[in-house]
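Notes follow the structure.
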């Protein structure tokens, strides 16, 4: 019967409670580690920068292709202008009408080449800006990556230390729980699940350490004299007289 729990089992139950509380604190710390939150933010920033870099790279590559196209057009235009001017100045064309048509052709080719050159200059300026933007984004991304790697090592170390503490408390808790009657442990677990993680508390100086309510002296005296399982009349947690 739970009511007949011995003093040793009850004292061990306080040990179980202490380990459970420590485990709860460590689990909470592990889940809310500030360094882990900062690492998540850094990784999110890196992901956003990678997306921006992909867009900037695509823009830069499109400008580079357009630059290559215009440079190719200008090269072909130069060849054609040189060829037509050679005909023009070689004396091979003597017919005035043909000569005038050839002069008009050369003038048109030069105008088209000039327009292509203007377009090329605009593209080159835009590509320089795109290169600068891409380099800036990559530098920012690389800096955050380096910080994320360093912070990742810190987080791994902190989590390792927490896990080591958890393992110690879990082992000690299991040893203490093994000495407690199953029905008492079941009651404790049930209370713990509904009482904010605290199912058993010490009665010190007439005060329940679970809800911090001072109990009537007559009630405290009764608990001390009776021994065995006692419950706080206010919070209904298991009370252990210490």
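The values are calculated or read from the model by the stated rules, or taken from the named source; none is laboratory data. Treat the numbers as computed from the prediction; the structure is a model and nothing was measured. Here the Cβ is made from the backbone with ideal geometry for all residues, glycine too, and neighbour counts use every protein chain on show.
Might you check whether a residue that is assigned to a helix (DSSP H, G or I), surrounded by fewer than 15 Cβ atoms within 10 Å (Cβ to Cβ) and either modelled with pLDDT under 95 or in contact with a helix residue (DSSP H, G or I) (Cβ under 8 Å, 6 or more places away or on another chain) (or both) occurs anywhere in the stretch 6-17?
Scanning the stretch 6-17, I find at least one residue that is assigned to a helix (DSSP H, G or I), surrounded by fewer than 15 Cβ atoms within 10 Å (Cβ to Cβ) and either modelled with pLDDT under 95 or in contact with a helix residue (DSSP H, G or I) (Cβ under 8 Å, 6 or more places away or on another chain) (or both), so the answer is yes.
For the stretch 57-81, the set of residues classified as over 57 Å from the mean Cα position of the chain (by Cα) and modelled with pLDDT of 85 or more consists of 79, 80, listed by residue number. Residue selection: residue 228 fails the criterion of being buried (at least 20 other Cβ atoms within 10 Å of the Cβ), in the same structural domain as residue 11 (by TED's automatic domain parsing) and either outside any helix (DSSP H, G or I) or modelled with pLDDT of 95 or more (or both).
Residues in the stretch 18-51 that are loosely packed, with under 13 Cβ neighbours inside 10 Å and more than 30 Å from residue 137 (Cβ to Cβ): 27, 28, 31, 32.
Return yes when residue 84 is in the same structural domain as residue 126 (by TED's automatic domain parsing), touching a residue at least 12 places away in the same chain (Cβ under 8 Å), under 24 Å from residue 124 (Cα atoms) and in contact with a helix residue (DSSP H, G or I) (Cβ under 7 Å, 6 or more places away or on another chain) and no when it is not. In short, no. On the basis of being in a helix (DSSP H, G or I) and at pLDDT 95 or above, does residue 109 make the cut? Taking the combined requirement at face value, the residue does not satisfy it.
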